[in-house]
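**Q** Sharing a structure, written as structure tokens. Questions coming.
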């Protein structure tokens, strides 16, 4: 029965994915040949030095779009002709404050940085040393850079020292593949994967696996934790391979793309119903499907551990954990081998807590002794699974309409009946098979005549996103907040309920005349996918705060929001200083991504 359910689920998933993504169209997240390239440091940060008089210099950086310089990494020194250091009064322009993933809370410059240096006494000839460091929004942080110049204060001539040959790794093509950048992104992916275990869909699955450790020997715990780890990592690598294949075929898709297919969402809801019935004790295949029994040493038990890992990855697909966004954005600008390595690190992070529990005696001592409580806990964990199935069917209703949702609910009822009949006797199994096939047929039914318009579902203070409307609002000088969301995105819903739709934030938007735009990615939309791509993201949520200045860059908020974060972003874009407004930051960190 376990094999039958797994096979039917995979078949329905494949069919739903094939129907969800039309061929052709503009290329989305590119593969190896068309991936965006990082600029060489000389092109990303162009420095010009001007001698204003014998006591002052002007240093002007022209910074490429989507790149920035750190204020705290500036360092300047001047030696006169005799080699004696000269005291300097450095006047830095106002910078933008941001929470940076490399250095924490820092001040940064976008578009330009205009620095003046004043000496206490007139100078004749000197050697100027200028140190700086910058990063790209897509995730690459350049190493610190020091430039040396000979400055003739009498004639105004500024001559750079002959630069040493640059290593091949500084080229645009190889820069993102430096060991430091790759290890950093792998670390982010690992941390993001670990946090995925706290998601409401994943936690019941992990809890069931932990239950299986209560009565097992050390050998069994070690073996099954590694098999579970293999299932998680293999699933992430498989998803990455599918994403890369579809992207190189011209599909503009990202993390969680499968949830844009109503067929996949219905299949996932059916799976949760089946698992819930198993935990409630109404059907008997859970010992093998969920691997919660005690006989875990045989082949079927090992396959159960592997399947539990696969299942954990499937139910984690609506989530983008903190730190995942940066890592995934980096992965899809790299060759396929690097992208697969990042996804493998993501899987390793997700499997790490269970693997640690399998080996840690201290952690296991915190678990109560085996007893009747385990059966009660197992039955209790069925209810989060039922709740998840209800939520998924609600998502289907939002995607395709209430008629399709009602038919899918009828299919869930037939599925439950079929699973119940399967255990009753030999002749009932034939009827059970009919019920299950009928459930799958109903899961594939769609009411094509019912149209769902996302605009009608928005509140009166929100408008639907479109590229043209956004450009029009910006040209008119209106500040705009763009919320890229989806009904299947758990993080999006949490942010909206707790922060974005609160009275405090709504009133703050109204006071500053901010237009709230909603880009609904519940269903597949190539235009939204390309919009995400331009901002270095492969998944949602994405929050953009555009200043009133049409030429200013948007501020990208973290993926896990607080009210203070949004209020600080409003304060930043309300600056009347156009220099500050043009330096508004693309904070693709934290992310303090789900």
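The values are calculated or read from the model by the stated rules, or taken from the named source; none is laboratory data. Here the structure is a predicted model, which means the values were calculated and not measured. Positions of Cβ are generated from backbone atoms using ideal geometry, with glycine treated the same way; all protein chains shown enter the neighbour counts.
**Q** Do we have any residue at all in segment 429-440 that's under 35 Å from the mean Cα position of the chain (by Cα), over 30 Å from residue 519 (Cα atoms) and either modelled with pLDDT of 80 or more or not in a loop (DSSP other than H, G, I, E, B) (or both)?
**A** Yes, there is a match, as at least one residue in segment 429-440 is under 35 Å from the mean Cα position of the chain (by Cα), over 30 Å from residue 519 (Cα atoms) and either modelled with pLDDT of 80 or more or not in a loop (DSSP other than H, G, I, E, B) (or both).
**Q** Checking the structure you have, find out if any residue of segment 351-367 is on the phi < 0 side of the Ramachandran plot, outside any helix (DSSP H, G or I), in contact with a helix residue (DSSP H, G or I) (Cβ under 6 Å, 6 or more places away or on another chain) and modelled with pLDDT under 85.
**A** No; the residues of segment 351-367 include none that is on the phi < 0 side of the Ramachandran plot, outside any helix (DSSP H, G or I), in contact with a helix residue (DSSP H, G or I) (Cβ under 6 Å, 6 or more places away or on another chain) and modelled with pLDDT under 85.
**Q** Residue 391 is checked against (1) more than 30 Å from residue 509 (Cα to Cα); (2) at pLDDT 80 or above; (3) within 33 Å of the chain's Cα centre (by Cα) and fails just one. What number does that condition carry?
**A** Going through (1) more than 30 Å from residue 509 (Cα to Cα); (2) at pLDDT 80 or above; (3) within 33 Å of the chain's Cα centre (by Cα) one by one, residue 391 breaks only (1).
**Q** So, one more: Which numbered condition in (1) modelled with pLDDT of 80 or more; (2) in a helix (DSSP H, G or I); (3) under 21 Å from the mean Cα position of the chain (by Cα) is the only one that residue 571 fails?
**A** (3)
**Q** In segment 35-141, which strands (runs of 3 or more DSSP E) lie fully inside it and hold 1 or more residues that are closer than 24 Å to residue 185 by Cβ? Lay out the reasoning, then the answer.
**A** On the way: elements: 45-53, 56-63, 67-70, 75-80, 89-91, 96-100, 104-110, 112-118, 125-132, 134-136.
By residue number, 45-53, 56-63, 67-70, 96-100, 104-110, 125-132, 134-136.
**Q** A further question follows. Yes or no: residue 521 touching a helix residue (DSSP H, G or I) at 6+ places or on another chain (Cβ under 6 Å), closer than 25 Å to residue 563 by Cα and surrounded by 15 or more Cβ atoms within 10 Å (Cβ to Cβ)?
**A** For residue 521, the condition - touching a helix residue (DSSP H, G or I) at 6+ places or on another chain (Cβ under 6 Å), closer than 25 Å to residue 563 by Cα and surrounded by 15 or more Cβ atoms within 10 Å (Cβ to Cβ) - is met.
**Q** Yes or no: segment 273-288 includes at least one residue that is within 29 Å of residue 341 (Cα to Cα) and either modelled with pLDDT under 80 or out of contact with any strand residue (DSSP E or B) (no Cβ under 9 Å at 6 or more places or on another chain) (or both).
**A** no
**Q** Please pick out the residue among 337, 402, 342 that is over 25 Å from the mean Cα position of the chain (by Cα), at pLDDT 80 or above and over 16 Å from residue 273 (Cβ atoms).
**A** Result of the check over 337, 402, 342: 402.
**Q** Among the numbered criteria (1) more than 20 Å from the chain's Cα centre (by Cα); (2) at negative phi, which single criterion is violated by residue 513?
**A** Just one mismatch for residue 513, condition (2).
**Q** Being surrounded by 13 or more Cβ atoms within 10 Å (Cβ to Cβ) and modelled with pLDDT under 50 narrows it down to one of 58, 2, so name that one.
**A** Going through 58, 2 in turn, the sole match is 2.
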